[in-house]
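Colleague: The structure that follows is given in the form of structure tokens.
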Amino acid sequence: MVGSNVPPALLLGVTVAMAMVCSCGATFYLVGGLAGWDMSTYLDSWLVGKTFLP
């Protein structure tokens, strides 16, 4: 963008807004499903099809 006069504050604002959109795409999981979670819950089968990010 040679010759562009984009104010730094505008660029920062757009960058922050884009970062917020990416971080707000969370999914809520009820651990163990509707039956709840106890020591007998087979969590390996519950995890199938779910993706977790650090």
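Colleague: For segment 38-50: of the residues being surrounded by 10 or more Cβ atoms within 10 Å (Cβ to Cβ) and under 23 Å from the mean Cα position of the chain (by Cα), which is modelled with the highest pLDDT?
Modeller: Of everything passing the filter in segment 38-50, Leu47 is modelled with the highest pLDDT.
Colleague: Could you give every pair whose Cβ atoms fall below 6 Å, whose first residue belongs to segment 10-37 and is over 21 Å from Gly49 (Cα atoms) and in a helix (DSSP H, G or I), and whose second residue is of a type outside the set (Val, Ile, Thr) and at pLDDT 75 or above, counting only separations of at least 6 or pairs across chains?
Modeller: Correct list of pairs: empty, since none qualify.
Colleague: Looking at segment 16-37, which of the residues that are hydroxyl-bearing (Ser, Thr, Tyr) and exposed (fewer than 10 other Cβ atoms within 10 Å of the Cβ) is modelled with the lowest pLDDT?
Modeller: Ser23
The values are calculated or read from the model by the stated rules, or taken from the named source; none is laboratory data. Predicted model only: the values in this text are computed from it and were never measured. Positions of Cβ are backbone-derived with ideal geometry, glycine not excepted, and every protein chain shown enters the neighbour counts.
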